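Next up is a structure, given as structure tokens.
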Amino acid sequence: MNGALQSAKSTLALEGTVDDTHVEQVDVLGNRKLTVLLDGGETKVGPNQIHIVFTGDWATACSFLSKGDNLSVSGFDVSVTQDIRKPFEALVTDLSRVVIKRERLIILTAEDVPTFDYGRDKTDTERERLPPRNNPAASGRAGVCLGANQYLKMGRYYDVIYGGKEEFTSKAQFVLSIISRRCKKSVLDLACGSGLYSFFLRYYDVKVTGVDASPALLKVAQEKLQFQLETEPSEKPAARFVAGEMSTLALTDAGKTKRSNGGEQEFELLEQFDCILCLDSLQLLPSVDRVQLALRRAWYHLEPSGILLVSIPNTYHPSTFTVGQEHRRHVVNNTGALTLSAARFDRGALDVIVRTQRLADEKRRVDFIGSALLCDSSRNEYFAAFEDSVEELLITPSVFEGMLDNEKFEVLHMYGDLEGSEYNARVSLVRFYVCQRMTFEEVPPDSD
């Protein structure tokens, strides 16, 4: 039986904490296999981790699993091998039941796996409801779950990939020029990520608040802020980073309240800013309803005549209709990828393959496969790798501009990139809108 496998049906359940995950493509049709390394606690076999294998739709549905998640699997097949380095594999089948605990409980069976979308709350089929305009502190329904489209596995390398000195600095300088021309001094950076734009603007004396739903990216931003506070002069304007999801955001202004027109209800006033940035992020929300919610939250958090700077992919560019693959190499030095970054990265080179693929329902998938040979501060070389992916909405100009109009934003200008190029439907990769907040006549509260 040298190397042969024996299969048996298990009536037991495996439960433990995810230590690592690995996804591989198993055939030319793009079918994938997800292997999860589980620390099984008392059920752990020998010195090795338990391998749980998901294939087909299971692999796609459970691809959001990452280290630290609690996972329970029952009704699995068992493959046993004589290889002592891998005592057995638990094979998830159509009879399996998978329970995942992260920010909320998720229970999956083969019946709902093919259509499972981690970005939505599948227990709530009610359409997203926009909060009434007469109560801005009501943040609407919270259906977006932590974990989806949040760069959890590549957070450490986010600045290296997106913060390249030449490319990023030219974009940030153009954004700064728009803010400066309009004399805006306070900025809300929605989906700020690791704070690339936030730190750039802070350097030029703009007061910035960054908001993001990704714990991995917020951790990087907060570490960078702490580094700056310890090493830079104190006269720089304050900056802060807050955990939050942009379609349900309600930053209240401490101690400030207002009564409704009838005087029956008192609600807190929201904190307002001169300018809001929402750059390359709205498309990461799970639905166009969520995009409209995010625009409404932005309206509430803007001062009268405040400006909204928002960019989304250009759906007319040929790349959105095809399968693409691009290799990028990022050379990292010990002063960081950014001119003004406070964070220090290990030295080395990071290679990233970026794959894009058009999906159904006006979406596209972007996969990141990265590998790096790095050298730490003690000159020790080590290898690092990650795989991550996001799904993006592809929103046409007519739909998006209709939402801007509905949410009381006037489009002042549209550029074809974040460096000031004019928009060309077939050439521009993004649509970059400069919008101004308009006023409205207050809508009466919902009858229910």
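Rounded if a/c is under 1.5, else prolate if a/b beats b/c, else oblate: with a ≥ b ≥ c from the C-alpha gyration tensor eigenvalues square-rooted, which is the stretch 204-252? Kindly include the intermediate steps, with their values, before the conclusion.
On the way: a/c = 3.40, a/b = 1.59, b/c = 2.14.
Oblate shape, in that a/c is at least 1.5 and b/c is the bigger or equal ratio.
Here's something else I'd like to know. Could you pull the accessible area for Ser63 with a 1.4 Å probe, rounded to 10 Å²?
The value for Ser63 is about 40 Å².
Something else: Run the numbers for Thr109 and His413: contour at 0.36 nm per residue of separation, minus the present Cα-Cα distance, in nm.
Working: separation 304, 0.36 × 304 = 109.44 nm, distance 4.86 nm.
Stretched out fully, the Thr109 to His413 stretch lengthens by 104.6 nm.
Something else: How much length would be gained if the chain were fully extended between Glu271 and Arg358, taking 0.36 nm per residue of separation minus their Cα-Cα distance, in nm to one decimal?
27.5 nm
Another question, if that's okay. How high is the FRET efficiency from Asp94 to Val323, r the C-beta distance, R0 41 Å, rounded to 0.05? Don't jump to the answer; show the numbers that get you there.
On the way: r = 30 Å, r/R0 = 0.72.
For Asp94 and Val323, the calculated efficiency is 0.90.
Ordered by packing density, taken as the mean number of other Cβ atoms within 10 Å over each peptide's residues, highest first, how do 201-209, 68-76, 150-158, 350-358 rank? Numbers along the way, then the final one.
Values: 201-209: 19.8, 68-76: 18.2, 150-158: 21.7, 350-358: 16.3.
Result, highest mean Cβ count within 10 Å first: 150-158, 201-209, 68-76, 350-358.
On a full-extension model of 0.36 nm per residue, what is the gain between Lys101 and Ala385, subtracting their alpha-carbon distance, rounded to one decimal in nm? Could you put the intermediate results ahead of the total?
Numbers: separation 284, 0.36 × 284 = 102.24 nm, distance 2.53 nm.
Gain in length upon complete extension: 99.7 nm.
So, one more: Any chance you could look up the accessible area of His22 with a 1.4 Å probe, heavy atoms only, rounded to 10 Å²?
In the full protein context, His22 sits at about 100 Å².
Leaving ligands, DNA and RNA out of it, report the carbon-plus-sulfur percent of the accessible area of the stretch 352-414 at a 1.4 Å probe. It would help to have the intermediate numbers written out before the result.
Values: 1470 of 3190 Å².
For the stretch 352-414, the apolar C and S fraction of the accessible surface comes to 46 percent.
In this model, which of Lys185/Lys224; Lys101/Lys171; Lys33/Lys153 are farther than 28 Å apart at the alpha-carbon? Could you put the intermediate results ahead of the total?
Details: Lys185/Lys224 21 Å; Lys101/Lys171 39 Å; Lys33/Lys153 18 Å.
Flagged as over cut-off: Lys101/Lys171.
The values are calculated or read from the model by the stated rules, or taken from the named source; none is laboratory data. Note that the structure is a prediction, hence the values are computed from the model and not measured. So basically every Cβ, Gly included, is an ideal-geometry build from the backbone, and we count neighbours across all protein chains shown. Remember, those area values only see protein heavy atoms, side chains included, never the ligands or the DNA or RNA. Shrake-Rupley method; radii C 1.70, N 1.55, O 1.52, S 1.80 Å.
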